[in-house]
Amino acid sequence: MMTALPPIMRTTAARLSALYLILFTACAVVLVVYVSSLSTRMLTAQTREAILEEVSGLGRAYQRGGLPRLVRVMEIRARQPGANLYLIADPSGLILAGNVESLQPGVLDDPGWTARAFTYRRFGEGESPGEKNHSAVAQIIRLPNQMILLVGRDLGEPEQFRGVMRRALVVALGMMGFGALLIWLFVGRRALRRIDSVSEASRQIMGGDLGRRLPVTGAGDEFDRLSENLNLMLDRIAALNEGLKQVSANIAHDLKTPLTRLRNRAEAALSRSADPSAAHEALEQTIAESDQLIRTFNAILMISRLEAGSSADSTEDIDLAAIVADVVELYEPVAEEMGVALGFKVAETVRVDGNRELIGQALSNIVDNAIKYSAEATEKPTVMVSLHTDAASARLVVSDNGPGIPAADRERAMERFVRLEASRSQPGSGLGLSLAKAVMTFHAGALELSGKNDGLSVAMVFPKGKSK
């Protein structure tokens, strides 16, 4: 059945226009029929009341003066403009007086209200071939002398009203049809063009043009909102693809060297099998290198799990101040050995909804980096961990006076395997800040890097009153 429709009727816009047109037409027909019927009943009731008043007046005239007075009063009223119908006939139905020249046969046979409207012709009206007879309703009364009295009223006004209503219905339907056509031309076709443009852009994207985005007109309607959301999704997919490419390249670059060292040391241990101490030392170095590789892969897996929104890590109400104290206590021996002054400043207990292990791991990575690079400071190396709050967030900040990171490189420093140190003399895999950023994303927070001149401040910003 769908294939039998014209192509234009297979579009949603055309179907909606047709549906609304049918709905409006049905409502208009029902409304016009209801109003017309109600008005006709009201006019008919008024007509009957007017006829009864005329009958009552003529009855009083008949009682006072008999048939002669009745005829005189009837003749006077018949000559008035817009008069009712008046007629006196003999018992056989022959018209004797009144303003009616002829009646539809059988009207005078039964006394009382006429069963239905009848046709008549007034005096002085010609009998042109195309001329229609008038229609009326009347009450038939037999006088005591068997004469017949008819008092009626023309139905021209109700008929005219029905004609006006019919014409109004035709005009309304015509206007609705014309309006539906205009809606389809100016709204439906515009919507179709926008859908076609979205479809064309989608085909180009599927064809390999991954930089293409869905069009946004700026109208702010549902099409723009849909396009904007899909464009955000495409941007996110593009970023993930780019990150995957970078991770693949960085893994190949950063892991090639330690794997090569592992092989060389294993080969050296085999060649020195005659020297047990040298072979033992080579095996210890191999184990240490393997442990570093395992930590690197664990960090990669943790970042991937957090970025995927994994809910395996539960959250609870935790005290950030306690985490700061534990991490600072853990790294105090390392800082003292490297000649770095490590301190912390916590004004009050700050509680957030989070995962203690993840936050502790992220803070440990940041503090480890700060100690490692602040050791290169020209002045006394210092690392300070502080915790403070404002109305909307809790900020856990690690500051050092090391060489810092240029503002242009701070976003890149939070990517996986990115190490800004060209010589790569410092140990590490370039995953510390990446892991901290993933942890903050998991907690609906943010990782912010800042600093002036020498030194770097890394802030872990937690939203207050929110949980994962």
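The values are calculated or read from the model by the stated rules, or taken from the named source; none is laboratory data. None of these values were measured; they are calculated from a predicted model. Ideal geometry is used to build each Cβ from the backbone, glycine not excepted, and the neighbour counts take in all protein chains shown. We work out accessible area using only protein heavy atoms, side chains counted, and drop any ligands, DNA or RNA first. Shrake-Rupley method; radii C 1.70, N 1.55, O 1.52, S 1.80 Å.
Scanning region 42-95 for residues that are in contact with a helix residue (DSSP H, G or I) (Cβ under 9 Å, 6 or more places away or on another chain), over 17 Å from ASN145 (Cβ atoms) and touching a residue at least 40 places away in the same chain (Cβ under 8 Å) yields LEU43, THR44, THR47, GLU54, ASN84, LEU85, TYR86.
With respect to LEU244, determine if the residue is modelled with pLDDT under 75, open to solvent by 80 Å² or more (accessible area, probe 1.4 Å) and over 30 Å from TYR86 (Cβ atoms). Talk me through it step by step, then tell me what you get.
Details: modelled with pLDDT under 75: yes; open to solvent by 80 Å² or more (accessible area, probe 1.4 Å): yes; over 30 Å from TYR86 (Cβ atoms): yes.
So LEU244 passes the test.
When the residues of region 226-241 are narrowed to those that are open to solvent by less than 50 Å² (accessible area, probe 1.4 Å) and of a type in the set (A, V, I, L, M), which ends up farthest from ILE195 (Cα to Cα)? Quick ask: steps written out before the conclusion?
Keep residues of region 226-241 that are open to solvent by less than 50 Å² (accessible area, probe 1.4 Å), which gives 227, 231, 234, 238.
Right, trim to of a type in the set (A, V, I, L, M) and you get 234, 238.
On the way: LEU234: 18, ALA238: 23 Å.
Only one residue tops the list, namely ALA238.
What do you reckon, is ALA172 touching a helix residue (DSSP H, G or I) at 6+ places or on another chain (Cβ under 8 Å), at pLDDT 85 or above and small (Gly, Ala, Ser)?
Details: touching a helix residue (DSSP H, G or I) at 6+ places or on another chain (Cβ under 8 Å): yes; at pLDDT 85 or above: no; small (Gly, Ala, Ser): yes.
Taking the combined requirement at face value, the residue does not satisfy it.
Could you please find all residues in region 46-58 being among the hydrophobic types (A, V, I, L, M, F, W, C) and open to solvent by 50 Å² or more (accessible area, probe 1.4 Å)?
Let us first name the residues in region 46-58 that are among the hydrophobic types (A, V, I, L, M, F, W, C), namely 50-52, 55, 58.
Across region 46-58, the qualifying residue is only LEU52.
For region 155-188, a residue qualifies if it is within 24 Å of ILE51 (Cα to Cα) and open to solvent by 50 Å² or more (accessible area, probe 1.4 Å), and the qualifying residues are GLU157, GLU159, GLN160, PHE161, ARG162.
Regarding VAL55, is this residue among the β-branched types (Val, Ile, Thr), touching a strand residue (DSSP E or B) at 6+ places or on another chain (Cβ under 6 Å) and closer than 20 Å to SER135 by Cα? Spell out how you get there, then give the answer.
Working: among the β-branched types (Val, Ile, Thr): yes; touching a strand residue (DSSP E or B) at 6+ places or on another chain (Cβ under 6 Å): yes; closer than 20 Å to SER135 by Cα: yes.
Taking the combined requirement at face value, the residue satisfies it.
Residues in region 321-363 that are surrounded by 13 or more Cβ atoms within 10 Å (Cβ to Cβ), free of Cβ contacts under 8 Å to residues at least 40 places away in the same chain and of a type outside the set (D, E, K, R): how many? So the count comes out to 5.
Could you please let me know if GLU101 is open to solvent by 50 Å² or more (accessible area, probe 1.4 Å), over 12 Å from ALA138 (Cα atoms) and at pLDDT below 85? Yes; evaluated as a whole, the condition is true for this residue. Can you pull out the residues in region 107-144 that are open to solvent by 30 Å² or more (accessible area, probe 1.4 Å), farther than 19 Å from THR44 by Cβ and modelled with pLDDT of 85 or more? PRO111, ILE141, ARG142, PRO144, listed by residue number. Would it be correct to say that ARG79 is more than 30 Å from ALA180 (Cβ to Cβ), of a type in the set (Lys, Arg) and under 60 Å from the mean Cα position of the chain (by Cα)? For ARG79, the condition - more than 30 Å from ALA180 (Cβ to Cβ), of a type in the set (Lys, Arg) and under 60 Å from the mean Cα position of the chain (by Cα) - is not met. Of all the residues in region 366-390, those that are farther than 17 Å from SER450 by Cβ, open to solvent by 30 Å² or more (accessible area, probe 1.4 Å) and touching a residue at least 60 places away in the same chain (Cβ under 8 Å) number 3.
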